[in-house]
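The values are calculated or read from the model by the stated rules, or taken from the named source; none is laboratory data. Remember, it's a predicted structure, so these values are computed and weren't measured experimentally. Here Cβ is always computed from backbone atoms with ideal geometry, including for glycine, and neighbour counts include all displayed protein chains. For accessibility, only protein heavy atoms count, side chains too; no ligands or nucleic acids. Shrake-Rupley method; radii C 1.70, N 1.55, O 1.52, S 1.80 Å.
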Amino acid sequence: MAETIILGTIETGDITIASQQDQGRVRARQADSCLVERILGQPVALLLVADGMGGQRGGDIASRAAVVAAVAEMRPWLSKLQPVPTLRLPEEDEAAGADASQPFDAVSALADSVDQSNGGELMPVLEQTVQVAHAAVRNAAAAIDALDDAGCTFILAVLVGRTLYLAHVGDSRAYLWRQAQLRQLTHDHSGAAALVAAGVLAADEARAHPAAHQLYRYLGGTTAAAKADLSEHRLEAGDTLLLCSDGLWDMLPDVEIARHLLAHGDLPDLAAVLIDAANRAGGEDNISVVLAHIGAVA
């Protein structure tokens, strides 16, 4: 029987996060690893999804090693994202000629202060964190006989106020849901995705192509294969971020994921619905879902 793990729901500032995992209907064990963590009292959160590769023994060890190492590497940096900003009071804004009819938005002001003072330092930290996670996977595999092929996909997201920083290796995905439109923020590091990018294969043919899950980038192989894609995205009130392993997107086409996002506003409920839909579609792999919603400040 499949095991569902509800990792929990947290709120930080105006960000709400929900995460859930399921073993699926086919796999004998859970090889995905997820983590969500926040900085208490600050609009800062860390989200991680790793999908293990390397058979029954190797996948869970690889994904767990990557997540544990990444969190240990990121925590000291995240703790620095706790500035004590100097915010203008409403009367100071009025004296400076600001529109007094507009409400003073302290949460957004704090988020913007965090973004401007610390956000630009994160990209090299994310790149370094991916390499630390890669080394941890290699070391974990080397410590156990016959695990030379152990590896994992890896996606790390840091939310700093209304700015999203992403580091990504493999075919676990990040999606952005904005104004009833779903957009994939990451590019799969698979043979089929490369053929689509080259114009050799149509996008709707990639899912069934033999190279759909042949990864040319992942953690645990060569150093070159562990090179991460890094990106920065500005978020808006009402946005929802979805991180997931291929156990979700391989079972559900984007239009189906979008349908559930449109129908379910409650994040824990949405996570459960997406996992149930993937299982109903076959549940051929472990399923991991991490959702983050950017709320409007009251």
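Below, the figures for the structure above:
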read-out: Segments 193-201, 172-180 sorted - mean Cβ within 10 Å per residue, highest first; value: 172-180, 193-201
read-out: Approximate spin-label separation residue 72-residue 230, in nm, with each point projected 7 Å along Cα-to-Cβ; value: 2.3 nm
read-out: Viscosity 0.692 mPa s, 37 °C: Kirkwood-radius Stokes-Einstein D of the range 17-62 over Cα pairs, µm²/s; value: 269 µm²/s
read-out: Segment residue 123-residue 198, length gained on full extension (0.36 nm per residue, minus Cα span); value: 24.2 nm
read-out: Residue (of 286, 265, 251) at the positive-pole extreme of the range 201-291, dipole from beta-carbon charges; value: 286
read-out: Full-stretch length increase - residue 139, residue 281 - with 0.36 nm per residue and alpha-carbon distance subtracted; value: 47.5 nm
read-out: Amide proton proximity set for residue 171, modelled H, under 5 Å, gap of 5+; value: 154, 189
read-out: Label point distance in nm, residue 184-residue 237, each placed 7 Å from Cα along Cα→Cβ; value: 3.2 nm
read-out: Among 254-265, 237-248, the order from most to least packed when residues are scored by Cβ within 10 Å on average; value: 237-248, 254-265
read-out: Accessible surface, the range 226-298, averaged per residue in Å² (probe 1.4 Å); value: 38 Å²
read-out: Protein accessible area in the range 215-298, 1.4 Å probe - carbon and sulfur %; value: 52 percent
read-out: 1.4 Å probe accessible area per residue over the range 22-74, in Å²; value: 37 Å²
